[in-house]
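Here's the structure, in structure tokens; my notes come after.
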Amino acid sequence: MELRSVEELMDLLHAGRPQHALRTAALLRRGRPADKELQVAGLVQGIGPLLAPGGEADSGRRAAAAVRPLLGERVCRLVRGDAGVADDDVLRLAREEGRTAGFDAGVLEDWRTVLELVAARHCRLDAVD
């Protein structure tokens, strides 16, 4: 499955358990406020099981493949876990901390604009290629 719009992605995120994803993205926003792609990767990293329930082994690859057309190659690599040691470690640590963090990370709708910005930037870069 390839996600073609932010609306499709938002629907998928709403179908899952967004609290962990929201906390992960919020922690990444605090630690790396300028890196929107990293924040978005933290938000969407857990959608793999929603794409094919029961297949946990390849959930990262499924999620990465699904978001690539919409959010671009870097987000794809981050979600897949092969973006580079530094970024992968930051993402992994935020994901782990997001499991135990007890703070209000807001609502999913708060991230729509960031998703739209990353998607629009990817579309503009795609048009140049």
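None of the figures in this text is laboratory data; all of them are computed from the coordinates on show. Everything quoted here is computed from the prediction, not taken from an experiment. Neighbour counts run over all protein chains shown; Cβ positions are idealised from the backbone, glycine included.
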remark   = Those residues of the range 1-12 that are part of a helix (DSSP H, G or I) and buried (at least 22 other Cβ atoms within 10 Å of the Cβ) come to a total of 1
note = Checked 66, 25, 15, 52 against criteria (touching a helix residue (DSSP H, G or I) at 6+ places or on another chain (Cβ under 7 Å), within 18 Å of residue 96 (Cβ to Cβ) and either in contact (Cβ under 8 Å) with a residue 40 or more places away in the chain or not polar (S, T, N, Q) (or both)); the one match is 25
key: Criterion (of a type outside the set (A, V, I, L, M, F, W, C) and closer than 16 Å to residue 31 by Cα) met by exactly one of 98, 106, 60   = 98
query = Scanning for something in contact with a Cys (Cβ under 8 Å, 6 or more places away or on another chain) and of a type in the set (Gly, Ala, Ser), does the range 61-72 turn up at least one residue?
reply = yes
